[in-house]
1. Return one number: the angle in degrees, 0 to 90 and rounded to the nearest 10, between the long axis of the Cα atoms of helix 25-35 and the longest principal axis of the Cα atoms of the chain.
2. Bins of 10 Å, beginning at zero and ending with the bin holding the largest distance: percent of Cα pairs per bin for region 23-103, please.
3. Once the Cα atoms of helix 8-17 and of the chain are each reduced to a long axis, what angle between those two axes, in degrees from 0 to 90 to the nearest 10, is obtained?
4. As I understand it, the value is the acute angle between the Cα axis of helix 51-66 and the longest principal axis of the Cα atoms of the chain; what does it come to in degrees, rounded to 10?
5. Hey, if you put +1 on the Cβ of every Lys and Arg and -1 on every Asp and Glu Cβ in region 23-103, which of A87, G48, G73 ends up farthest toward the positive end of that dipole?
6. What's the magnitude of the charge dipole for region 23-103 around its Cα centre, counting Lys and Arg as +1 and Asp and Glu as -1 at the beta-carbon? Answer in Debye, nearest 20.
7. Please give the length that would be gained between R56 and E42 if that part of the chain were fully extended, namely 0.36 nm times their separation in residues minus their C-alpha to C-alpha distance (nm, one decimal).
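None of the figures in this text is laboratory data; all of them are computed from the coordinates on show. Quick caveat: nothing in here was measured; it's all calculated off a predicted structure. Glycine also receives a Cβ, built like all others from the backbone with ideal geometry; neighbour counts cover every protein chain displayed.
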Amino acid sequence: MFESGIDPKALLSILRERHVHYISRIEATILAHLSLGYRTEEIAQRLGCTGATVRRHVADLTHRVFDPTEIEGDRDKLRTWVPLHSACCAMAVAQLIEDEQQFG
């Protein structure tokens with residue numbers, strides 16, 4: 001999951017410090033579904049869009065979170081980032097996850 005040259009504790013430290021100032025409603029929804037383990041095509045079906053649209057949003061979010069760092073971002077690291085920021089920049093994501101878990 002993580003690059004072999006990065007200590008997992010150091011990675012978590014970097015991820016904790018990496019804030020994103022704005023996450024749109026669609027981005028929050030996609031992040032929530034990613035965090036819950038949905039695959040790209042499942043997310044697309046639930047949102048009524050294409051897999052390409054979901055992949056584009058994931059790529060955009062990955063760039064916004066990881067480009068300022070020296071970490072090569074991917075969807076697994078993005079999933080790790082979400083709970084670290086559930087009280088700040090990913091608050092809407094956390095609420096969507098909670099709603100999904102309660103109401104399915």
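1. The two axes meet at around 70 degrees.
2. 19, 55, 24, 2
3. That works out to roughly 70 degrees.
4. Tilt relative to the chain: about 30 degrees.
5. G48
6. Working: 9 positive and 12 negative charges, 33 e Å.
Roughly 160 debye, rounded to the nearest 20.
7. Working: separation 14, 0.36 × 14 = 5.04 nm, distance 1.50 nm.
So the extension gain works out to 3.5 nm.
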